[in-house]
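Written below as structure tokens is the structure these notes are about.
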Amino acid sequence: MTETTTCALYIRVSSDGQSLDNQKPELHQLARVRGLAVTQVFEEKVSAVKHRPAYEAMMRAAHQGQFQALVIWALDRLGRSMIGNLTVVLELDRLGVQVISVRESWLDTASPVRPLLLAVFSWVAEQERRRISERTKAGLDRARRHGRHLGRPRVAVSVSAALALRRSGLSIREVARQLKVGASTLHRLLQAAEDAETAVPQTGTATAG
């Protein structure tokens with residue numbers, strides 16, 4: 001007896017004004033045609049650029065091996081960018097999950113051309129990552145040439161005030177909260193001040209004897 005392949009459906013629309021029902025019939029039909037048993041359905045009405053609880057739940061279930069195939073309406077239901085979508089397909093394939101799309105029959109990672117398809121996906125994803133890295137580096141270099149400060153805005157912190165608060169018995173976290181600075185940043189500043197104080201020769205001080 002052949003074991004039935006389990007599958008999940010991931011259904012997403014970008015806003016509350018759109019209906020999930022437009023996708024459901026064809027997703028269920030495709031699952032039936034493929035002989036897949038639908039065990040989970042993940043639905044959400046949210047833009048791909050926002051927090052997506054159903055998508056995250058689907059990926060957790062995939063990592064836990066709860067289904068063997070994922071049926072979607074189209075590749076762009078997974079995310080906003082092609083590079084991101086291809087990365088998701090590659091990750092699901094690594095987990096042993098077939099990705100099947102209603103609109104993109106060529107996407108079926110269980111087809112005979114699967115090795116070639118995944119090799120192309122990997123190559124495209126790597127090329128896009130390189131282009132993003134190159135564009136980012138070029139942008140940073142251009143900003144430096146124009147004298148722009150890069151990174152987080154620097155926060156002015158009074159080390160003497162911080163030391164006084166610490167000596168009053170407050171913890172690093174409490175002092176950081178009062179001075180409106182990160183605890184790790186404050187800790188580094190105080191450590192640097194302590195090191196500097198230790199390194200400076202103490203002249204003109206009396207020694208009790």
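The values are calculated or read from the model by the stated rules, or taken from the named source; none is laboratory data. Everything numeric here is computed off the predicted structure, so don't read it as measured data. Counting neighbours? That spans all protein chains shown, and the Cβs are built from the backbone with ideal geometry, glycine included. Surface accessibility is based on the protein's heavy atoms, side chains included, excluding ligands, DNA and RNA. Shrake-Rupley method; radii C 1.70, N 1.55, O 1.52, S 1.80 Å.
What to note about this one:
- The calculated FRET efficiency for the pair Gln18 and Ser105, based on their C-beta separation and a Förster distance of 25 Å, comes to about 0.55.
- Distance between the pseudo-spin-label points of Arg166 and Gln40 (7 Å out from Cα toward the beta carbon): 4.8 nm.
- Expressed as a whole percent, the accessible surface of the range 8-73 that belongs to carbon and sulfur atoms is 47, based on a 1.4 Å probe.
- Rounded to whole numbers, the Karplus 3J(HN,Hα) couplings from phi for the range 90-98 are 5, 5, 5, 4, 4, 7, x, 9, 6 Hz, using 6.51 cos²θ - 1.76 cosθ + 1.60 with θ = phi - 60°, and x at Gly and Pro.
- Model label sites at His28 and Ser81, defined 7 Å from Cα along the beta-carbon direction, differ in position by 3.7 nm.
- If the chain linking Glu134 and Thr4 were pulled fully straight, counting 0.36 nm for each residue of separation and taking away their Cα-Cα distance, it would gain 42.2 nm.
- In the full protein context, the range 20-125 carries 52 Å² of accessible surface per residue, based on a 1.4 Å probe and ignoring ligands, DNA and RNA.
- For Lys50, the lysines whose Cα comes closer than 26 Å to its Cα, not counting residues fewer than 8 places off in the same chain, are Lys24.
- Amide H contacts of Asp108 (H built 1.01 Å from N, in plane; Pro and chain starts excluded): Ser101 sit under 5 Å, all sequence-distant by 5 or more or on other chains.
- Extending 7 Å from the Cα toward the beta-carbon at both Leu90 and Gln66 defines two label points whose distance is 2.6 nm.
- Here r is the Cβ-Cβ distance between Arg177 and Val49 and R0 is 25 Å; the resulting FRET efficiency, rounded to 0.05, is 0.20.
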